[in-house]
1. Given the residues GLY475, GLY464, which is the only one that is more than 24 Å from the chain's Cα centre (by Cα) and surrounded by 21 or more Cβ atoms within 10 Å (Cβ to Cβ)?
2. Which one is surrounded by the fewest Cβ atoms within 10 Å (Cβ to Cβ) among residues in segment 66-110 that are within 15 Å of ILE304 (Cβ to Cβ) and aliphatic (A, V, I, L, M)?
3. Check ASP298 against each of (1) of a type in the set (D, E, K, R); (2) part of a loop (DSSP other than H, G, I, E, B); (3) modelled with pLDDT of 95 or more; (4) surrounded by fewer than 21 Cβ atoms within 10 Å (Cβ to Cβ) and name the one condition it does not meet.
4. Run ASP310 past the list (1) more than 21 Å from the chain's Cα centre (by Cα); (2) in a loop (DSSP other than H, G, I, E, B); (3) acidic (Asp, Glu) and report the number of the one that doesn't hold.
5. Residue check, ASP303 against (1) surrounded by 22 or more Cβ atoms within 10 Å (Cβ to Cβ); (2) modelled with pLDDT of 95 or more, all met but one. Which one?
6. Which count do you get for residues in segment 394-410 that are without any contact (Cβ under 8 Å) to a residue 12 or more places away in the chain and not in a helix (DSSP H, G or I)?
7. Within segment 227-240, is even one residue more than 17 Å from VAL129 (Cβ to Cβ), at pLDDT below 95, touching a strand residue (DSSP E or B) at 6+ places or on another chain (Cβ under 6 Å) and buried (at least 16 other Cβ atoms within 10 Å of the Cβ)?
8. Which residue is farthest from ILE142 (Cα to Cα), if the candidates are limited to segment 87-111 and must be in contact (Cβ under 8 Å) with a residue 60 or more places away in the chain and not in a loop (DSSP other than H, G, I, E, B)?
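The values are calculated or read from the model by the stated rules, or taken from the named source; none is laboratory data. Bear in mind that the values here come from a model prediction, so they are computed numbers and not experimental data. Virtual Cβ from ideal backbone geometry, glycine too; neighbours counted across all protein chains shown.
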Amino acid sequence: MADQLATLLLEERRFPPPAAFAARAIGTPALYHAAARDRLAFWEEQARALDWITPWTSVLTWSPPHARWFDGGRLNVAANCLDRHLTGARRNKAAIIWEGEPGDRRVYTYWALAREVGRAANALKRLGVVKGDRVAIYLPMIPEAAIAMLACARLGAVHSVVFGGFSAESLRDRINDATATVLITADGGYRRGQVLPLKRIADEAVAQCPSIEHVVVVRRRPAGEGDESFAEMTEGRDHWWHRLLDRESPDCPAEPMEAEDLLFILYTSGTTGQPKGIVHTTGGYLTQATATTRYVFDLREEDIFWCTADVGWITGHSYVVYGPLANGATVLMYEGAPDWPERDRFWKIVARHGVTIFYTAPTAIRAFMKWGTKHPAAHDLSTLRLLGTVGEPINPEAWMWYHEHIGRGACPIVDTWWQTETGGIMITALPGVTTTKPGSATTPFPGISVELVDTTGKALAKGGGFLTLTEPWPGMLRTIYGDDARYQATYWSRFPGRYFAGDGAKVDDDGYWWLLGRVDDVLNVAGHRIGTMEVESALVDHPDVAEAAVVGKAHDLKGQAIAAFVTVKEGVKPSAELREDLREHVARKIGAIAKPDDILFSADLPKTRSGKIMRRLLKDIAEGRALGDTTTLADPNVVARLKEQYEDKE
């Protein structure tokens, strides 16, 4: 027991692929057979779907923990996302359909998008940006964010996108680590009816960024609501985006890039507080992003693909910009919150634009559950044919709600496991092929080698343990920018010869994978190692619960006791009776060992701006410690209110 995670939650529901979907699915069992027969040949075949300027001379050079994919090959990412679609029918196809939170809308065809990217690339070139330079992008979810990324890729400049909700301090640290020479930002961005003053935040950051030579500012605020005076411009350093682009030609040659040249750096929070600059390169990353978009989402020419992630996160890089556009898809982008001005905003957008593929986070699904079924029920969601989840494990009951109320019982669900570091999807169902189980990410994508191990690194056929990757994959991170020693220590030292980024998992009798959350969040209750995900899923299984977060707190006898923070559905009143009912419900669902000692009802849980629950802060609250860093929270007031509630209860 000490070497394994206890696996307590039993899920027996099964959902075979709908027959009509399976009959015409793009993914087939042959993909798995081909990858099992020759993994490298499989990835070569996926790479051939791209346009290469020069073919590669070797598929993989592996000197653990450093990989080089498609060495000798040269290509350009922007040309693959744009130029190759301009000679046929896709030329006038919508590439991006955008809707702003205030209701403004824009559509870019592939032709129009290519011309705008060309102008932006020429504008950056005029500012002195050359291949290998780093460009920081700090924008709201507007088309210019994708245009800026593609313009950098066209030039061979390395982009570093910083989420538009981050503080000046976070922006400063990321700019300085990358030594970016140009920052692209906006005068503002909309969130729940408010204008976030991005330029002012950027100015505060840039004051401490000696490498920045130019700041390019997109005018987001519409005419009549704001003007150029909203953003203070520094003469010689600051430039309006529209003025720069107006004078540029749309023709900009695409820079031939080596497969292993840097494409982007994306920073993810580190446990030490120092952000990690995850490095992704060109050929392997685009190969995996393109292949997984095509097969995992059964992508077709007529689809309207909506991934709700912000481009500030890896999901926005791979499944808003690069993967879909390389496939010639129509992408929907939305700037604002899912509950503004009403809680049916997402479903209005789906109905208005005829969205066919919808890919979102479990935290959003649990919010929809909390708000009730009346919002999706009021809209025509019949165009949806495929649903996906990303970002964290999904509770089985949230999966079922998604299936019944959004998919109307007819849409396959692909629950995807992957990370900033992996670059693309790693474990997932293939729609039309895989029988799904609510809460399970199912099996590895073809060509991905995943193995479960115990605390000693011994391989496990099933049960609970730690998720490791045993072979390199094309989209993998190559290093941490400027700190290769940290790369090796963070990802390759815990289980030598294996990649391990900190996730616990279980494998069931059918070989299906169930993610149990970060091993940092594993509870040790009376000698039993229990994943927080299973206890949270048992709580969410209760009909009155919308969301739950579970942490451990020190206990004299058991080592750790379980503390649960619970958000109930609208119309449900928290009570002592409900608290006891929930404790008993967990005991019935997964066993008395997992019964929470403490349950605190809360209207909100502390979440990062990407929607992930900050269990570290909840643990601080449960154990009565001073709160740790709260700068990445979407609403820092939530955790202060919870701390006060918890202390009052005791």
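1. Selected residue: GLY464, the only one of GLY475, GLY464 that is more than 24 Å from the chain's Cα centre (by Cα) and surrounded by 21 or more Cβ atoms within 10 Å (Cβ to Cβ).
2. Taking the candidates together, the pick is VAL107.
3. It is condition (4) that ASP298 fails.
4. Checking ASP310 against (1) more than 21 Å from the chain's Cα centre (by Cα); (2) in a loop (DSSP other than H, G, I, E, B); (3) acidic (Asp, Glu), the one that fails is (1).
5. Looking at each condition in turn, ASP303 falls short on (1).
6. Residues flagged as without any contact (Cβ under 8 Å) to a residue 12 or more places away in the chain and not in a helix (DSSP H, G or I) within segment 394-410 amount to 1.
7. So far as segment 227-240 goes, yes, one or more of its residues are more than 17 Å from VAL129 (Cβ to Cβ), at pLDDT below 95, touching a strand residue (DSSP E or B) at 6+ places or on another chain (Cβ under 6 Å) and buried (at least 16 other Cβ atoms within 10 Å of the Cβ).
8. Within segment 87-111, the first condition is being in contact (Cβ under 8 Å) with a residue 60 or more places away in the chain, and the residues that meet it are 90, 93-102, 104, 110.
Okay, now just the ones that are also not in a loop (DSSP other than H, G, I, E, B), so 90, 94-99, 110.
On the way: ARG90: 22, ALA94: 16, ALA95: 14, ILE96: 10, ILE97: 10, TRP98: 7, GLU99: 8, TYR110: 16 Å.
So, considering only residues that are in contact (Cβ under 8 Å) with a residue 60 or more places away in the chain and not in a loop (DSSP other than H, G, I, E, B), the one farthest from ILE142 (Cα to Cα) is ARG90.
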